[in-house]
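Reading through the structure tokens given below for one structure.
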Amino acid sequence: MSGIINRISGPVAYVVNLENARMYDVVRVGTEQLVGEIIKLDHGKAIVQVYEDTTGVRPGEPVVNTDTQLSVLLGPGLLTSIYDGIQRPLDKIKEKSGDFIARGVNVEPLDTKKKWEFEPIMKKGADVHEGDILGTVDETSIIKHKVLVPIGIHGTIESISSGKFTVEETVAVVKTKEGKKEIQLSQRWPVRIPRPVKNKLPPNVPLITGQRVLDTLFPVAKGGTAAIPGPFGSGKTVAQQQLAKWSDAEIVVYVGCGERGNEMTEVLKEFPKLKDPKTGKPLMERTVLIANTSNMPVAAREASIYTGITIAEYYRDMGYNVALMADSTSRWAEALREISGRLEEMPGEEGYPAYLGRKVAEFYERAGRVNVMNGAIGSITAIGAVSPPGGDTSEPVSQNTLRVTRVFWALDASLANKRHFPSINWLTSYSLYTDDLKQWYQQNVNKEWIELYATSMELLQKEAEINEIVQLVGYDALPEKEKMVLDIAKVIREDYLQQSAYDDVDTYSSMNKQYLMLKSIMRLYEEERSAVDRGVPVERFQGIDAKVKIAKMKYTPEQNIEKYYEDLGRAIEEISGMTAEAK
Amino acid sequence: MSDVYYKTVKQVTSVLLFVEGVKDAGYNELVEVQLPDGRRVTGQVLDSRDGLAIVQSFGETRGVDIENTKVRFLGETMKLPVSEEMLGRVFDGVGRPRDGGQPVYSDTKLDITGSAINPASREEPSEFIQTGISTIDVMNTLVRGQKLPIFSGSGLPHNKLAAQIARQAKLRNSKEGFAVVFGGIGINSEEVNFFKKEFEESGALDNSVLFLNLSSEPSMERVILPRLALTTAEYLAYEKNMHVLVILTDMTNYCEALREISAAREEVPGRRGYPGYMYTDLSTIYERAGKIHGRQGSITQIPILTMPGDDITHPIPDLTGYITEGQVVLGRDLQRRGVYPNIDVLVCLSRLMNNGIGKGKTREDNRGVADQLFAAYARGKEVRSLIEIVGEEALSANDRKYLHFADMFESKYVNQDYYEDRNVDKSLDLGWELFSMLDKNDMKRLKDEFIQKYGQWDHKREQHSEEIAEMVAKAKPEEELENAKKPPAASAPAGKGKDKGKKDGARKH
């Protein structure tokens, strides 16, 4: 028995006579069978948010309850895919409806015809629990897809087969108390429910991004949460894409939430061409893309974030380190606001619903470094871009995000205008993981790393203070020592923090290269400091060989970096020969 | 249902009609309202319930009454008949001819809301469009399929700039121009006359379609107009293989109309009273730019908006900037200095620039020249603001060079004639010429090989344009003077150092 539309207004439909209507059930709306979800029940009316354009839908049209919740299909084939907000593959939509997205298109999230080679690990008769690995499938040339016992299943393997299977075919049968359960390569999971884990672990391993300002000054831990707020044009999207390209996560889920169509196309075109610095394989082979551009239906934009994080959780459960980029969570919050407005809910700040803070917190809580159900360690690092109106982070979405995220990468329009990229402001940004990660850096990069980091941070702070004085008294009146601080801070800013995403070499810096670069700058600092003590005026350091070399260090390929570092070291030492008297 | 007239209008506001007894009006369905005096206006269903339809009228609701007004639901959404014969024609905000000609008859009728282009079908825009304007071509490159708005302020020459772009825009080394679809949203008759005259003079009118809604005409039409313009553009681009340039001016009026409807519906307002869905709504306009795999044509959009109070953080420019692929910003300060086009390059951006420049497209040195121009001009402007604190005498020789660079950049590079069509090579060379005012060693963004190839530091005086030659000449002796002074200055400890410090002044780090 189907329900009947009683009222339609934009993406919200009011439905009467819908049997078995439960919160968050997925329904099919109207004669075109548009996908919708029940978001409110009110005196016998079910209120549905529709994930597709509702133009032409009329009162009186039928609504069918599918009796399932909004869920994603998890299985091999997710990687390299590009989905819309409710996990419909965009290339399949294209095959069905052409270059423009039509409505009511019904396509399977995973290719149901493709056969995958399944290699069992478990044997017949073995006891298995939820989350255990039954076997593996080579999903791409770099990622082994682990086929997990679905959540809620405990029992004994009655049969398990090897060979080629589609995602729908049964590969194992488990005998449980409730009866026999057939297990396929794919399983469903409702997107709004976090997948369970055993316990959370402290975040003490950094996510290496190859971006100097991030790895050195404001690192994020694997399993951590980070926010990138910034006005338009400050380089948010480029920063997110750089993270998606170069971070050392094994799996990357990139959610383009309400963003530009051409940008998603750029990602689509570029990722298959880019090589992973570790494996040399195309980056696309570890990536899942979710693209709900700004002009695609707003309700599906709300869902896209959940679709993304659920897929991320699934790979985490296999024991992988997953990085999730959401660009931009503001668009998601705006979708919440739009739906809330249509429901005539009492608004909170700036028209956003009162539950915005809770929703944001719930989302970031799904990140973390954990023991998954089978005991292995996996992580989700969640990095959300925020697009505050006018760049003013006092607005609700930024504030609610900053309350729950532990890293804040503040993008700065004035830096962007000076073409200082990545335009991350070193004075206002912070990372609360610095202490957690100390040990890792000392053991894996260098003992003196923390010292180098602290000194460079200090110099940058000092520079800001001195600059305030300069505003009052002019540069001239500064003591030579302070001039020297400005000199070194400039080197840190221009030759270290600035990093070009478009330069083939500079786009990625290994930790070793970062260490050698920073070390060189600190050596320069030491030498200049003692030279100033000897009475050498700061202006004599202009254009010296050591500085020219430091400026070019970032463009030096990784394989030559050690040698370059040594040459540079000699140039720096020349400073020790400088005396108060000019030659 | 099209023959049923409802005479059950129960409530009327300036833009909305509440019609009772309607069972099944479709969302966004088109409505015809017949006024007692026989006038007809069209409208659209905004909210449909069993027994009530809320209709947004595109025309004035003046004269609507409760007793005699009749409403007919047309059973379809708003469609626009399109054909190639629209080229050279002028229409009003709902698609009626306003040039005295016949309405367009065509079997092809397109839904004006359009549908989203599947991101998987999009082709990355990468063909360089030469606008003949240096600051755009070299520093904020426009490519085919891009949406690049002009952020302006009241009284600034955005219309002139748009007209100049429309006149000059072409692919490099090609005469092939664009078909122009022009949407005038709530503009006044002088502006209309200006554009008409421009298009007539440049001969572009035959290749243009104009949709005009004057500021005196119903504001509700402004919500429809850009969609008509873009539907026409899509037809010409994707069915008729044309390259279409869409100019929409002024988007601020569009947003005002949107706010008016929202207020009439008593919706929960977002920032500054604009509806919370304005971002989504604007995206359904701006995202209709692009290129599609396997289709010949393209749609490039140049929306123009005036920033209320020159405030770039106002919701209209703010939301626009988050959707469009960059922005060209006009500055009042430059306007006062008499610079045309008064493009304030430091806050401008073209996100698709990198796809459209470089070898084979513009020139190999483009990226570096652009970055260096940005960096040097930024520094020059910093120095300019520094003078206010420390005075010009306290500047170092090097800082003074940057100061002069900023001046020359504005008057030689940004500034150009309304009819001056600079090709990109010339624009790039002009950049190199300006660089020769500065120290070669300071040019960190330029690759050595390009400095060798294009650098003009060694040029003789007569090879430079007059003013720059003068600048270069001025800068040099001073530098030499300083070098000459250096040894004694450095060898003498404290006292002399101070003296020399004055020259080196507030060297900004």
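General remarks:
So that you can scan it fast, the table gives a plain yes or no per residue for (1) at the interface with chain A (Cβ under 8 Å from one of its Cβ atoms); (2) modelled with pLDDT of 90 or more; (3) within 30 Å of A:Gly235 (Cα to Cα); (4) surrounded by 22 or more Cβ atoms within 10 Å (Cβ to Cβ):
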| residue | (1), (2), (3), (4) |
| --- | --- |
| B:Leu230 | no, yes, yes, yes |
| B:Val244 | no, yes, yes, yes |
| B:Glu266 | no, no, no, no |
| B:Tyr277 | yes, no, yes, yes |
| B:Lys291 | no, yes, yes, yes |
| B:Ile299 | no, yes, yes, yes |
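- Scanning region B:374-388 for residues that are among the hydrophobic types (A, V, I, L, M, F, W, C) and more than 10 Å from every other protein chain (Cβ to nearest Cβ) returns B:Ala376, B:Val383, B:Ile387.
- Any hit, region A:322-343, residues being closer than 23 Å to A:Ala46 by Cβ, out of contact with any helix residue (DSSP H, G or I) (no Cβ under 7 Å at 6 or more places or on another chain) and open to solvent by 10 Å² or more (accessible area, probe 1.4 Å): yes
- Of all the numbered requirements in (1) in contact (Cβ under 8 Å) with a residue 24 or more places away in the chain; (2) on the phi > 0 side of the Ramachandran plot; (3) open to solvent by 10 Å² or more (accessible area, probe 1.4 Å), A:Asp248 misses one, and that requirement is (2).
- Number of the exception - A:Asp436 against (1) away from chain B (no Cβ under 14 Å); (2) in a loop (DSSP other than H, G, I, E, B): (2)
- Pair list, Cβ < 6 Å and 6+ apart or interchain, from region A:99-114 residues that are more than 14 Å from chain B (Cβ to nearest Cβ) and modelled with pLDDT under 95 to residues that are in a loop (DSSP other than H, G, I, E, B) and open to solvent by 40 Å² or more (accessible area, probe 1.4 Å): A:Thr112/A:Glu168
- Every residue from region B:262-287 that is among the aliphatic types (A, V, I, L, M) and out of contact with any Leu (no Cβ under 8 Å at 6 or more places or on another chain): B:Ala263, B:Val268
- Conditions (1) more than 30 Å from B:Val12 (Cα to Cα); (2) open to solvent by less than 10 Å² (accessible area, probe 1.4 Å): number failed by B:Tyr238: (2)
- All positions within region A:548-563 that are free of Cβ contacts under 8 Å to residues at least 40 places away in the same chain and touching a helix residue (DSSP H, G or I) at 6+ places or on another chain (Cβ under 7 Å): A:Lys549
- Residues of region A:564-583 that turn out to be of a type outside the set (S, T, N, Q), loosely packed, with under 13 Cβ neighbours inside 10 Å and either touching a residue at least 60 places away in the same chain (Cβ under 8 Å) or part of a loop (DSSP other than H, G, I, E, B) (or both), as a count: 2
- Count - residues of region A:188-207 that are more than 20 Å from the chain's Cα centre (by Cα) and open to solvent by less than 50 Å² (accessible area, probe 1.4 Å): 4
- In region A:541-554, the residue that is nearest to the chain's Cα centre (by Cα) out of those that are at the interface with chain B (Cβ under 10 Å from one of its Cβ atoms) and open to solvent by 50 Å² or more (accessible area, probe 1.4 Å) is A:Lys552.
- Scanning region B:165-209 for residues that are among the aromatic types (Phe, Trp, Tyr) and assigned to a loop (DSSP other than H, G, I, E, B) yields a count of 1.
- Out of A:Glu365, A:Glu302, A:Glu344, one residue alone is at positive phi and of a type outside the set (Ser, Thr, Tyr). It is A:Glu344.
- Those strands (runs of 3 or more DSSP E) of region A:314-413 that lie entirely within it include none in which at least 1 residues are touching a Leu at 6+ places or on another chain (Cβ under 7 Å) and within 14 Å of chain B (Cβ to nearest Cβ).
- Scan of region A:452-489 for residues that are within 14 Å of chain B (Cβ to nearest Cβ), free of Cβ contacts under 8 Å to residues at least 12 places away in the same chain and of a type in the set (D, E, K, R), ordered by number: A:Glu465, A:Glu468, A:Asp476
- Residue match in region A:284-302 (condition: away from chain B (no Cβ under 14 Å) and in contact with a Cys (Cβ under 8 Å, 6 or more places away or on another chain)): no
- Some residue of region B:128-140 being closer than 29 Å to A:Thr55 by Cα and modelled with pLDDT of 95 or more: no
- In region B:389-401, the residues that are within 11 Å of chain A (Cβ to nearest Cβ) form Cβ pairs under 6 Å with partners that are open to solvent by 20 Å² or more (accessible area, probe 1.4 Å), at six or more places apart or across chains, as follows: B:Ser396/B:Arg507.
- Within region B:353-373, considering residues that are out of contact with any Lys or Arg (no Cβ under 8 Å at 6 or more places or on another chain) and open to solvent by 40 Å² or more (accessible area, probe 1.4 Å), the one nearest to the other protein chains (Cβ to nearest Cβ): B:Arg367
- Residue list for region B:328-352, restricted to those being in contact with an Asp or Glu (Cβ under 9 Å, 6 or more places away or on another chain) and within 11 Å of chain A (Cβ to nearest Cβ): B:Val329, B:Asp344, B:Leu349, B:Ser350, B:Arg351, B:Leu352
- Strands (runs of 3 or more DSSP E) completely within region B:9-124 that count 1 or more residues being within 13 Å of chain A (Cβ to nearest Cβ), among the hydrophobic types (A, V, I, L, M, F, W, C) and open to solvent by 30 Å² or more (accessible area, probe 1.4 Å): B:52-57, B:70-77, B:109-111
- Per this entry, A:Ile39 is not counted among residues that are within 36 Å of the chain's Cα centre (by Cα), β-branched (Val, Ile, Thr) and crowded, with 24+ Cβ neighbours inside 10 Å.
- Tallying residues that are modelled with pLDDT under 90 and either crowded, with 18+ Cβ neighbours inside 10 Å or over 35 Å from the mean Cα position of the chain (by Cα) (or both) within region A:479-509 yields 1.
- Some residue of region B:18-35 being among the basic types (Lys, Arg), out of contact with any helix residue (DSSP H, G or I) (no Cβ under 9 Å at 6 or more places or on another chain) and at pLDDT below 90: yes
- For B:Pro317: the one exception among (1) open to solvent by 10 Å² or more (accessible area, probe 1.4 Å); (2) within 12 Å of another protein chain (Cβ to nearest Cβ): (1)
- Where a residue in region B:429-450 is within 14 Å of another protein chain (Cβ to nearest Cβ) and within 16 Å of A:Gly543 (Cα to Cα) and its partner, wherever it lies, is surrounded by fewer than 21 Cβ atoms within 10 Å (Cβ to Cβ) and among the hydrophobic types (A, V, I, L, M, F, W, C), with Cβ under 7 Å and at least six apart: B:Lys440/B:Ile451; B:Lys440/B:Trp457; B:Met443/B:Ile451; B:Lys444/A:Ala551; B:Arg445/B:Ala375
The values are calculated or read from the model by the stated rules, or taken from the named source; none is laboratory data. Values in this document were obtained by computation on a predicted structure and should not be read as measured data. Cβ: placed from backbone, ideal geometry, glycine included. Neighbour counts: every protein chain shown. All accessible areas refer to the heavy atoms of the entire protein, side chains included, with ligands and DNA or RNA removed. Shrake-Rupley method; radii C 1.70, N 1.55, O 1.52, S 1.80 Å.
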